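Peer 1: Please find one structure pasted underneath; my questions will follow.
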Amino acid sequence: MPNDKILIRKVKHGCKDSMRRIYQRYKDDLLTLARALSNDKTLAEDVVHDVFVSFAESVGKLQLRKSLKVYLAASVRNTVNDRLRTRKRHTAKEKEFVPTQTQPISPDRLAAEKETIQLLRQALIQLPFEQREAVLLHIQSGLTFKQIAALQNVSTNTVQGRFRYGLEKLRALLDGEVINETDK
Amino acid sequence: MRQTNKIEQLIDNLHDRTSAELDEKTLKDVFSVMEKSTKTQPALKQSNIWRIIMKNPMTKLAAAAVIIIAVLIGANQFSGSIDGASVAWADVVTQVSRVDYIHVYYFKSRDNDVKCDFEAWYSDGKMVMRGKMGDMIYDDGRVQQAFDQHKRLIGKEQSLFAKGQPFFEVITAGLLSHKNEQFTQQTPANVGDDFLIYDLDPPPDEGDFLANVTITVGKSSLLPVQMKIYQEGSDYDLVLFDYEALQKPKEFFEPPASGTSNGSTEIVLDGPEVVMDLVGAEGIKQAIVRLHGKFDGTVDQIPEDSRYDSKFFPKNYKRKGGPVFKLDATFITDEGYLSQTNEFLILWLGETPQGGVGSAAGGLDNWPDGKYRNIKFYPTLKATDREDVFLLEMRCFLLPKQSNTQ
C-alpha cells in the first residue's frame with residue numbers, strides 16, 4: 001500500500017485515484033473525530049466534506065513533514081471549531097446535551113456496547129470543549145500534546161492539564177461520581 | 001472506579017462510518033476542485049493572499065516597513081562577497097552579531113487571519129516586548145519582568161540573554177547562531193536583485209509542528225528583513241525586522257514599579273503548612289502554603305512527575321540550573337471558601353512565576369455559591385541565612401468574571 005507522501009505527490013500531479021485512496025483511508029476516522037467533537041452527525045459530515053475539499057484546494061502547496069492523519073485531524077478540529085463558533089451552535093448543542101441536572105450513569109448500564117458508546121458520547125459532550133479536544137485529538141487521532149498545544153495556542157502543560165481533567169471527568173461521569181461540573 | 005486506560009480504550013473504540021451519499025458528494029467536489037485548481041490555481045492564490053494582506057491594517061503597515069527597510073539597509077553595507085549565491089548563512093550570522101538595535105513585528109496567520117502578536121525592541125542588551133493585549137515584558141539582560149495590561153507584575157525570571165546570547169539567536173531559537181552547524185554553510189535558495197532567501201529546516205526542538213523557515217536577507221546589508229515560519233497546514237508566523245532606532249517606544253527602558261506583595265511569611269522546607277494573612281488582595285484574605293520537593297540534581301535526574309515531565313521544564317532547568325522547589329497553595333476568599341492549586345507550582349529562588357487556581361488555571365464556577373472565580377498568584381521565594389528556612393512573598397488577586405485578558 002503506497003504511503004501518504006507518495007499519494008500526496010501523485011495528487012499534486014492531479015491523480016484522482018490517489019486522492020480517492022487518501023479519502024478512503026481517513027474518512028471514517030475523521031468523521032468519528034468530528035462527530036465526537038461536535039456531537040452533531042450532520043455537522044460532522046459537512047466538516048469531513050469541507051476538510052477534503054479544502055485539502056484538495058491546498059494540496060499543491062502542502063509541505064507535509066508529519067503524518068497526513070495528524071494534518072487532517074487538525075483540519076477537522078479547526079473546521080469544527082469554526083462551525084460551532086460561526087453558526088453559534090456551540091452553546092445550543094452543549095445545552096441540548098447537558099441535562100440541567102446530570103444524573104450519575106450506572107455502571108450496570110454499560111453492558112451493551114451500543115449503549116456504552118451512547119453514554120460515552122453524552123459524557124464527552126459534557127466536557128468543556130478544550131478538554132474534549134485534548135482528549136479526542138490525543139487518543140482518537142494520535143496527536144502529541146505538543147501538536148495539540150500548537151493548535152490550541154497554549155502551552156503543552158495546559159494541554160496535559162486539560163487532557164488529565166477531561167479523562168478524570170469522563171471517568172467520574174461514567175462512574176457516576178461527578179455531577180455536571182462546568183469548569184473551563 | 002473505572003480505570004483511565006479503559007476510558008481511553010472506549011474512546012479509541014468510537015467508530016463512525018461515512019455514508020455512500022457523503023462519499024459520492026465529497027469525492028465529486030474534491031475531483032472538481034482538483035480539475036479547477038490545475039487550470040486556475042496561480043491566479044486565484046495570488047489574489048487571495050493579496051486580499052488578506054490588504055484587509056489587515058497592521059499588515060499594511062508592516063508591508064510598508066519592508067519597503068522602508070529595503071532602503072535603509074543600504075546604510076550598513078556588508079563588506080564581504082556580494083555574489084548572493086555564495087553567501088553562506090554564517091556570513092549573515094556574523095553581520096547580525098554587529099547590530100546594536102533591532103525592532104521586530106511578530107505576526108501570526110491562523111486560518112487566513114493575520115494578527116500582530118507582539119512587537120519588540122532590542123538595544124544595548126535590553127529588550128522591551130509589547131503583547132497584543134498591552135502586556136509588557138522588560139528584560140534588562142539580567143532579569144526579565146512581565147506585566148499585565150494593568151501594569152501588575154505577573155512574572156519575574158532570569159533574562160533570556162543572561163548567558164550572553166545575542167538577541168537574534170534567542171528569538172530565532174538558535175537559527176541565527178554560529179553554533180548551528182546545520183546551517184552555517186547553507187547558501188540561499190533564491191537570489192534576487194536586492195534580497196537573498198534562505199530556506200532552513202526548523203530547529204530540532206521545534207520540528208514537531210514547524211514545517212520550515214524562510215529568511216529574507218538584504219543582499220547588501222546581509223541583515224534579515226523577514227522571517228516566515230511555516231507550520232503544519234497553511235498557518236505561519238511572520239517576523240519583520242528593522243534597524244531604525246528612532247522608533248523606540250517611550251517604555252524603553254522604564255519598567256513600572258513592581259509593587260509590593262500582599263503577604264509574606266517564613267516557611268520551612270518540607271515543614272508544616274503555613275497560613276499567611278493577605279492584605280490588599282481584594283476578595284482573598286488568606287493563603288495556606290507548603291514548601292516541599294527540593295530538587296537540585298542534573299537534567300537527567302529530573303524526577304518523573306506530571307509537571308516535571310513537560311518539555312518546558314527540562315529546557316528551563318538546563319538553562320537556569322537548580323535548586324527548584326514545589327509550592328502548594330490554597331487560598332481562602334473573603335467568603336471563607338477554600339480553593340487549591342491544580343498541582344504544585346515550581347519555584348526558582350528569586351523568581352516570580354504565575355500560578356492559578358481552577359481548572360487548568362482558567363478559573364472555576366463550581367465554588368460553593370456557584371459563581372465564577374479565578375485566582376492568580378505570584379509567589380517569590382527568597383533564601384534566608386538558614387538552609388531549610390525561606391521567605392515566601394505572595395502577590396495575588398481574584399478575577400470575579402471570566403476574561404480572556406488574564
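Every number here is computed from the coordinates shown, using simple stated rules; none is lab data. Computed from a predicted structure; not experimentally measured. Don't worry about glycine lacking a Cβ; one is built from the backbone with ideal geometry, like all the others, and counts go over all protein chains shown.
Peer 1: Please give me, ordered by residue number, the trypsin sites (Lys or Arg not before Pro) of region B:93-130 that lie in loop per DSSP and have at most 14 other Cβ atoms within 10 Å.
Peer 2: B:R98
Peer 1: Assuming R0 = 60 Å, can you tell me the calculated FRET efficiency for the pair B:A20 and B:D385, based on Cβ-Cβ distance, to the nearest 0.05?
Peer 2: The pair B:A20/B:D385 has a calculated efficiency of 0.15.
Peer 1: How large is ³J(HN,Hα) for each residue in region B:267-282, as worked out from phi by the Karplus curve 6.51 cos²θ - 1.76 cosθ + 1.60 (θ = phi - 60°), to whole Hz, x for Gly and Pro?
Peer 2: Once θ is set to phi - 60°, the couplings for region B:267-282 become 9, 9, 4, 6, x, x, 5, 10, 9, 9, 7, 10, 10, x, 9, 4 Hz.
Peer 1: Then there is this: Can you list residues whose amide H is under 5 Å from B:L399's amide H, if they're 5+ apart or on another chain and H is modeled 1.01 Å from N?
Peer 2: HN-HN under 5 Å from B:L399: B:N374, B:I375, B:K376.
Peer 1: If R0 is 35 Å, what FRET efficiency do you get for A:T42 and B:N112 from their C-beta distance, rounded to 0.05?
Peer 2: 0.90
Peer 1: Quick one: which of B:17-24, B:285-292 comes out on top by average Cβ neighbours within 10 Å, and what's the full order, highest first?
Peer 2: Put in order of decreasing packing, that is B:285-292, B:17-24.
Peer 1: Same structure again: Ignore the peptide's own chain and count Cβ atoms of other chains within 10 Å of each Cβ in B:366-378; give me the average, rounded.
Peer 2: 1
Peer 1: For B:F118, which sequence-distant residues (separation of 5 or more, or a different chain) have an amide H within less than 5 Å of its own amide H, given hydrogens modelled in the peptide plane?
Peer 2: Close amide H contacts, sequence-distant or interchain: B:Y106.
Peer 1: Related question: Residue-wise, which Karplus ³J(HN,Hα) couplings in Hz belong to region B:89-105, taking 6.51 cos²θ - 1.76 cosθ + 1.60, θ = phi - 60°, and x for glycine or proline?
Peer 2: 4, 4, 5, 5, 4, 4, 5, 4, 5, 8, 7, 10, 9, 9, 10, 10, 10
Peer 1: Now a separate question. So how much slack lies between B:H150 and B:L349, counting 0.36 nm per residue of separation and subtracting their Cα-Cα distance, in nm?
Peer 2: The B:H150-B:L349 span can extend by a further 69.1 nm.
Peer 1: Karplus couplings for region B:287-302 from phi (6.51 cos²θ - 1.76 cosθ + 1.60, θ = phi - 60°), rounded to Hz, Gly and Pro as x?
Peer 2: 10, 10, 10, 9, 10, 7, x, 4, 9, 9, x, 8, 4, 5, 9, 4
Peer 1: Across the residues of A:160-168, average count of Cβ atoms on other protein chains within 10 Å?
Peer 2: 4
Peer 1: While we're on this one: Could I have the simple spin-label model distance between A:E168 and B:F253, label points 7 Å from Cα toward Cβ, reported in nm to one decimal?
Peer 2: Reported label-point gap for A:E168 and B:F253 is 4.2 nm.
Peer 1: Using +1 at the Cβ of each Lys and Arg and -1 at the Cβ of each Asp and Glu in region B:263-399, identify which of B:T384, B:P323, B:W367 lies farthest towards the dipole's positive end.
Peer 2: B:P323
Peer 1: For a quick check of your reading of the filter: which chymotrypsin sites (Phe, Trp or Tyr not before Pro) in region A:1-56 sit in a DSSP loop and have no more than 12 other Cβ atoms within 10 Å?
Peer 2: Passing sites in region A:1-56 do not exist.
Peer 1: Please work out the FRET efficiency for the pair B:K401 and A:S67, using the Cβ-Cβ distance as r and a Förster radius of 41 Å; give the result to the nearest 0.05.
Peer 2: Here the calculated transfer efficiency is 0.50.
Peer 1: Rounded to two decimal places and with Rh computed the Kirkwood way over Cα pairs, what is Rg over Rh for region B:263-399?
Peer 2: A ratio of 0.98.
Peer 1: Next up: Hey, can you grab everything whose amide H is under 5 Å from the amide H of B:Q144? Only 5+ residues off in sequence or another chain; H modelled, so Pro and N-termini drop out.
Peer 2: B:E157, B:Q158, B:S159
Peer 1: Using 0.36 nm per residue, how much length does the chain from B:E244 to B:V274 gain when fully extended, once their Cα-Cα distance is taken away?
Peer 2: That works out to 5.6 nm of additional length.
Peer 1: Once label points are set 7 Å from the Cα along Cα→Cβ at both B:D199 and B:F295, what is their separation, rounded to one decimal in nm?
Peer 2: Computed distance between label sites B:D199 and B:F295 equals 4.1 nm.
Peer 1: What average number of partner chain Cβ atoms lie no more than 10 Å from the Cβ of the residues making up A:6-18?
Peer 2: For this peptide, the per-residue mean of nearby foreign Cβ atoms is 1.
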